[in-house]
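This report refers to the structure that appears directly beneath it.
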Amino acid sequence: MNTLSVQGNSQTAPVHAALSMLDLDKFNAAALEKTPFEYLILPGFLRQEMIAAISRDFPNISKPGSFPSETLQFGGAFRELLAELEGDTFRRAVEQKFGLDLTGRPTIITVRGHTDETDGRIHTDSRTKIITMLIYFNEDWHESGGRLRLLRSGTDLEDYVAEVDPSIGTLLAFRRSDHSWHGHKPFVGPRRAIQLNWVVNEKVKRREQKRHGISAFFKNLFGGKASAGY
């Protein structure tokens, strides 16, 4: 993986762009935590005036599981959001935040509408992923379950450095590593989120899209075990 030289590089100035849905000024200003792995948590990542339209156009997902975005039906505001998340302007902001070169790295977007009792198991994400981003779309989350925890180890869900409220507009972003442990207490019910990943190559993207599609199909058909969840 190529790494940007953040110091003295002509691309290191904060990225400011007139994106209608993403608050890039807030993203640029957010602190990148380094321990136990690189992450940031950013409430209000989506511009407040756009949230109602995006939420309205969020795909109707009535089953647990991760669904590739290209397999879903949704409205124009949600489509515009996905386009901005996968656009060059946001990619450059992410590169500068994490000190990475993501040029030519494919993106994958999956969407969730529900979680069940099998979701939330502790994991790190696969080594084929470079950056993971989660954007939540839930109103006034009061449940103790379903709050993603960033962990110090892969064995103890209570040993966490941060817990993410999955309220609408909140972003969690982290750099995948062998110790980027995360998970959450079980929650059964509606829990809406987008996951955006930059992955190492197109082969991985095709494989992951196929895997998520098959997993979601059998989850709907037979109610089998879900993926680790987010």
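For the reader, a short list of remarks on this structure follows.
- Entry remark, region 56-74: residues being open to solvent by less than 20 Å² (accessible area, probe 1.4 Å) and out of contact with any Leu (no Cβ under 9 Å at 6 or more places or on another chain) number 4 in total.
- When residues of region 148-184 are limited to those that are of a type in the set (D, E, K, R) and without any contact (Cβ under 8 Å) to a residue 12 or more places away in the chain, the one most open to solvent (accessible area, probe 1.4 Å): Glu158
- If the condition is being exposed (fewer than 13 other Cβ atoms within 10 Å of the Cβ) and part of a loop (DSSP other than H, G, I, E, B), then region 28-55 contributes Ala31, Lys34, Thr35.
- Annotation for region 174-191: no member residue is under 13 Å from the mean Cα position of the chain (by Cα) and of a type in the set (Gly, Ala, Ser).
- Search result, residues across region 94-110 that are under 23 Å from Glu80 (Cβ atoms), of a type in the set (Val, Ile, Thr) and in a loop (DSSP other than H, G, I, E, B): none
- Scanning region 175-203 for residues that are out of contact with any helix residue (DSSP H, G or I) (no Cβ under 9 Å at 6 or more places or on another chain), outside any loop (DSSP other than H, G, I, E, B) and under 30 Å from Glu49 (Cα atoms) yields Gly189, Pro190, Arg191, Ala193, Gln195.
- None of Gly145, Gly113 is open to solvent by less than 40 Å² (accessible area, probe 1.4 Å), in contact with a Lys or Arg (Cβ under 7 Å, 6 or more places away or on another chain) and not in a loop (DSSP other than H, G, I, E, B) except Gly113.
The values are calculated or read from the model by the stated rules, or taken from the named source; none is laboratory data. Please read these numbers as outputs of a predicted model, since none were measured by experiment. So basically every Cβ, Gly included, is an ideal-geometry build from the backbone, and we count neighbours across all protein chains shown. All accessible areas refer to the heavy atoms of the entire protein, side chains included, with ligands and DNA or RNA removed. Shrake-Rupley method; radii C 1.70, N 1.55, O 1.52, S 1.80 Å.
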